[in-house]
Amino acid sequence: MNYRMNKNTDNNPGGNNEVHNETCRHYSQLVNYLDLGYHSNCYSAVRKAKSLGYPKADGCKVCSPECHTA
Ligand SMILES: [Zn+2]
């Protein structure tokens, strides 16, 4: 699936960058996002986001709950 990371942080303490896949209702609504490309799972997508300089990348609790930690 294709993944995108929200460059705008969420409202959690510290602020996380949520990572969404294309099945998520948030995916197409992201305005300020980083395109992470195709990944077979969210772990890979979150890892890529972190490697690109976003250590607070975290899976969306709706579409990627297995990668949601905060
Ligand atoms: Zn999502």
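Taken together, the values in this text are just the output of simple stated rules run on the coordinates, not laboratory data. A quick note: this is a predicted structure, and the numbers were derived from the prediction, not measured.
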Against the 2.2 N^0.38 Å scaling, with N counting residues, where does the chain land? I'd like the Cα-based Rg ratio to two decimal places.
0.93
Residue-span extension gain [Met1 to Ser51] - 0.36 nm each, minus C-alpha spacing
16.1 nm
Gain in span if fully extended, Asn41 to Asn12, counting 0.36 nm per residue against the direct Cα distance:
8.1 nm
Give the percent of DSSP beta bridges with both residues in the chain that are antiparallel, rounded to the nearest 5.
75 percent
What percent do you get for the relative contact order of the chain when only Cα pairs under 8 Å and 6+ apart count?
35 percent
